[in-house]
Structures are given as C-alpha cells and as structure tokens.
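Have a look at the structure below before the remarks.
The values are calculated or read from the model by the stated rules, or taken from the named source; none is laboratory data. These numbers were taken from a predicted model, which means no experiment stands behind them. Cβ coordinates were reconstructed from backbone atoms using ideal geometry, including for glycine residues, and neighbour counts include every protein chain displayed. Heavy atoms of the whole protein, side chains included, go into the accessibility calculation; ligands, DNA and RNA do not. Shrake-Rupley method; radii C 1.70, N 1.55, O 1.52, S 1.80 Å.
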Amino acid sequence: MTQFKFDEITAHLKQSGFIFQGSEIYGGLANTWDFGPLGINLKNNIKNLWWKEFIQKDPNNVGMQSAILMNPLVWKASGHLDTFSDPLMDCRNCKTRHRADKLIEEFDPSINAGAMDTKALQEYISEHKISCPNCGSHNFTDIRYFNLMFKTFQGVTEDSSNTIYLRPETAQGMFVNFKNIQRAYRKKIPFGIGQIGKAFRNEITPGNMIFRTREFEQMELQFFCKPGTDLEWYEIYKEKCMNFMLNLGIKQENLRFRDHDPDELSHYSVATVDIEYKFPWGWDEIWGIADRTDFDLTAHQTHSKVSMEILDPETNEKYIPYVIEPSVGVERLMLAVMCEAYDVEQLENDSRTVMHFKANVASTKATILPLSKKLGDQAFSIYTDLLEEFECDYDESGSIGKRYRRADAVGTPYCITVDFDTESDQSVTVRHRDTMQQERVKIEDIHSFIKSYL
Ligand SMILES: [Zn+2]
C-alpha cells in the first residue's frame with residue numbers, strides 16, 4: 001500500500017471542504033480547525049456509531065452529558081489542579097519555550113522522561129548538554145510547571161475566588177454523577193456511563209493538524225465493576241474498541257495494541273493499553289483503555305464526603321467499584337479514518353483522488369446526477385426524497401466524468417445518474433465508487449439499496 005505524505009492528505013482535506021483553518025480570514029488562530037459540511041457529517045457519523053455501539057446497544061451502559069464548567073473542587077480531587085502540568089523551560093537566547101521531558105525523549109527515545117522529577121530532568125539536560133532545538137544555545141531557565149487547564153472566571157469579578165476551568169477531560173462528569181445515576185436508574189454493578197463532549201488542554205506543543213489540538217472532543221466510557229472482575233472487563237473493552245475501529249474501515253495491519261510499561265503507568269492504574277494507528281508520520285495513539293481501579297471514586301469520596309460505596313446484594317458487603325475507562329478523541333479517530341481512506345489511483349489515461357470511506361462513515365452516501373439539465377426536475381425529486389433518510393448531494397454542473405471525480409474525491413460511495421430512460425423504465429444507473437462498476441436500479445428500490453451497504 002502506498003504511504004502518502006501527511007501534507008498531501010491535509011491539503012486535500014482543506015481543499016475539498018472537510019476541514020478549514022479556524023478564523024482563516026483573520027490569518028487564523030494557531031491550532032484551531034473548523035469542520036466544513038463534509039467534515040461535520042463524517043464526525044457526526046463516527047460519534048453516532050460510537051453512541052450506538054457503546055451506549056444504545058449495550059444493555060449495561062447508559063449515556064449522560066455533564067457541564068463543561070465544573071466546581072473547581074472536582075479538579076482538586078481528581079489531581080488535575082496539582083499535577084496536570086508540563087515541565088517547561090525557556091531558552092534565554094532565542095526566547096522559545098520547550099518541554100524538558102520532550103527534549104530528553106527526542107535526544108534518547110528509550111528514556112521515559114515523563115517519570116522523572118524536576119531535579120532529574122534538569123540534571124539530565126545539563127549532563128548530556130542538550131541544546132535548544134531552535135538556536136543551539138544551552139542557556140535555559142530553570143524548569144517550571146505549567147498547568148494544562150484553561151482558566152476563566154465565573155461571574156462579573158475577575159479575581160482568584162471566581163477562577164474556574166474548562167474541563168480537561170469528560171471523565172470526571174461521569175464520576176461525580178456515579179451515585180445520581182446508580183440511584184435514579186437502579187443500576188446494578190457492573191454498568192457503564194458514557195458521554196461525548198468537548199474538553200480543553202492548553203498544550204504547549206499541539207500539532208499534526210487535528211491530531212493534537214487544545215480544543216477537542218472526547219468519547220469516554222467509565223465502566224464500573226466489582227474489584228477482582230476488572231481485568232476481565234479490561235480485556236473485553238480492549239477487543240470492543242479494536243473491533244469498533246475495524247468497523248470504521250481501518251485495516252488490521254495499520255492498528256496495534258501497545259501496553260504501557262510499568263514505569264509509564266499512572267500510579268493508580270494496574271493496566272493501560274493504547275490502540276495505535278500507523279499515521280503517515282508513524283505509529284501514534286488513538287484510544288486509551290485503562291484499569292483505573294477505585295482511584296477516582298475514592299478521591300471524590302474523600303474530598304466530597306459523599307459515600308461512593310455500593311452494597312453487594314449477594315454478599316451484603318460494601319465496596320467502591322473499580323473502573324475500566326476506554327477513552328478516545330473524536331478528531332484523532334476521524335483523522336485516522338481519513339488517512340486510511342485517502343488514495344490516488346492511476347487509471348488508464350488518468351488518475352483520480354478517492355476517499356475509500358466505508359458507507360457507514362461516508363459524509364454523503366450518494367450524489368444524484370441528471371445526465372442533462374432537462375432531467376433536473378426528476379433528479380431533484382429523487383434527491384429530496386433520499387434526503388429524508390441519508391446525507392446526499394446533488395450535482396448538475398460539468399461532464400458526468402468530472403462529476404464522478406468530484407464525488408470520488410470526497411468519498412461518496414454511490415453516484416446515481418438520472419438519464420433519458422429513467423422516465424420510461426423508472427430506473428437509474430448506480431455507479432460504485434471503488435469498482436467504478438455500474439448497475440441499473442429501480443427508483444423505488446434506491447432506499448433499500450443504499451441501506452443494504454450501511
Ligand atoms: Zn534557543
């Protein structure tokens with residue numbers, strides 16, 4: 001399989017209307033991206049498929065939506081206020097800012113600098129004479145920690161007593177509502193609570209388009225189970241997440257599990273694995289599945305003084321459940337789906353850019369094309385009829401060949417052509433994107449035809 005350059009893929013995504021630079025007419029705002037009509041359809045399709053698989057179809061699980069702004073005590077209890085920070089140094093010579101741990105890992109990729117404390121980081125940098133990647137100078141400031149949470153103020157006065165934070169993850173919304181949902185829905189262990197929503201992290205080094213952004217959307221599930229059964233559920237969710245990615249059309253050969261080494265694990269986690277995708281720049285993390293034990297619920301019980309224990313109806317013992325957390329960023333998953341789909345094919349006299357989206361994620365399922373403008377009324381009524389059920393497009397300008405190419409370039413699986421026989425035989429020609437083969441389908445059967453591929 002050809003590996004395309006990331007620049008080539010991003011140029012196509014911008015040009016064809018999937019993704020635009022944020023605030024572009026004002027010169028943009030660094031690291032922000034806006035989703036165009038095709039981008040938002042693709043994103044919604046992925047979110048809907050996740051919701052269906054992890055919430056709707058799973059009898060154990062329920063959904064929720066918590067507020068982005070939460071009581072700051074939540075972030076005290078979760079540890080984000082005290083420890084959610086990056087070790088930063090400024091270069092005194094060229095005034096650029098760098099992450100000490102990243103500089104060390106770039107110098108020697110075998111080192112896990114995330115586990116080093118300030119003193120160890122500082123010593124390593126001076127011992128190995130690591131220099132500023134921008135100017136080569138060794139004149140760094142001391143390391144300071146910079147919290148990754150975005151701060152803002154609630155109410156009219158901007159003082160520290162009104163400081164609140166944009167949530168850096170959606171997970172805490174499920175933890176603080178654990179008791180509410182368990183009680184109101186009479187849920188018994190094991191059960192899960194999931195949500196899809198925005199989170200914000202003031203990353204010092206965002207990059208690779210929508211792979212790492214400061215504003216992003218998460219799809220997270222907190223699955224509460226009895227201690228001792230946690231590793232079983234951990235394995236079940238590992239498989240479930242992998243299968244979900246395969247079902248989005250990502251090939252097995254471009255996916256792998258990467259277990260976290262013991263020195264990489266958070267102090268509370270007994271097992272964490274990442275599902276990685278082979279991006280054009282190399283293997284990178286998409287989905288994290290972690291066994292978080294009872295760390296989060298215990299922390300909230302301690303800080304809020306509200307009991308997070310549940311009563312086991314069989315043994316009558318009380319315990320705080322363990323948590324399995326599958327957590328994925330929507331934009332990352334979407335980027336993997338787009339990188340996977342992108343292709344430039346050499347045809348006999350020609351080449352075509354084609355996005356090989358599976359029909360279930362494709363931004364538009366079909367494009368309706370009248371062979372001549374005279375057939376416009378008939379074609380348009382087929383189009384509006386299909387819109388009742390599917391995202392579709394209508395295209396009547398240019399040659400049929402050009403219109404096919406436009407549909408291929410955005411990954412539309414079917415082109416439906418209305419021709420001069422349509423009136424008499426009540427049929428249209430359907431062209432398949434990947435094989436470019438055509439077949440005649442009755443107008444009344446088009447709905448079920450498209451549905452059969454979803
Ligand atoms: Zn410098």
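A few remarks follow.
- Restricting the calculation to Cα atoms, every distinct pair contributes to the Kirkwood radius of segment 364-451, found to be 12.6 Å.
- Placing a label point 7 Å from the Cα of residue 246 along the Cα-to-Cβ direction, the residues of segment 358-401 with a backbone N closer than 19 Å are 358-361.
- FRET efficiency, 1/(1 + (r/R0)^6) with R0 35 Å, evaluated for residue 29 and residue 186 via beta carbons: 0.15
- With each label modelled as a point 7 angstrom along the Cα→C-beta vector, the residue 254-residue 117 pair spans 4.4 nm.
- For segment 173-234, relative contact order (Cα pairs under 8 Å, six or more residues apart, normalised by length) works out to 36 percent.
- Peptides ranked, highest mean first, by Cβ atoms within 10 Å: ranges 306-315, 387-396, 38-47: 38-47, 387-396, 306-315
- Local electrostatic count at residue 293 - Lys and Arg +1, Asp and Glu -1, tallied over other residues with Cβ under 11 Å: -4
- Charges were assigned to the Cβ only: +1 to each Lys and Arg, -1 to each Asp and Glu. The resulting dipole of the chain about its Cα centre is roughly 840 debye.
- If you wrap the tightest convex hull around every Cα atom of the chain and split its volume per residue, you get 201 Å³.
- Were the residues from residue 177 through residue 208 laid out at 0.36 nm apart, the gain over their Cα-Cα distance would be 7.7 nm.
- Cα→Cβ-extended label distance, 7 Å offset, between residue 152 and residue 105, nm: 2.9 nm
- Burial order of peptide ranges 207-217, 291-301, 124-134 (average beta-carbon count within 10 Å, highest first): 291-301, 207-217, 124-134
- 15 Å cut-off, amide nitrogen to a point 7 angstrom out along residue 344 Cα→Cβ, residues in segment 1-21: 2-16
- Relative contact order of the chain, taken over Cα pairs closer than 8 Å and 6 or more residues apart, is 13 percent.
- Solvent-accessible surface ranking, highest first, for 449, 279 at 1.4 angstrom: 449, 279
- DSSP bridge pairs, the chain: antiparallel proportion in percent, nearest 5: 85 percent
- Reported to the nearest whole Å, the Cα centre-to-centre distance from segment 353-402 to segment 292-308 is 53.
- When the solvent-accessible area of segment 133-215 is split by element, carbon and sulfur atoms take up 46 percent of it, the probe being 1.4 Å.
- In plain terms, the chain from residue 405 to residue 64 could stretch by 118.6 nm, reckoned as 0.36 nm per residue minus the Cα-Cα distance.
- Computed on protein heavy atoms with a 1.4 Å probe, the accessible areas place 35, 380 in the order 380, 35, largest first.
- Across segment 229-353, the mean sequence separation of Cα contacts (distance under 8 Å, 6 or more residues apart), normalised by length, yields a relative contact order of 23 percent.
- Fraction of accessible area attributable to carbon and sulfur, segment 364-451 (%, probe 1.4 Å): 49 percent
- Extension gain from residue 265 to residue 371, taking 0.36 nm per residue of separation minus the Cα-Cα distance: 32.2 nm
- Projecting label points 7 angstrom from Cα along Cα→Cβ for residue 360 and residue 448 puts them 2.2 nm apart.
- Listed peptides 106-112, 316-322 by packing density, highest first (mean Cβ within 10 Å): 316-322, 106-112
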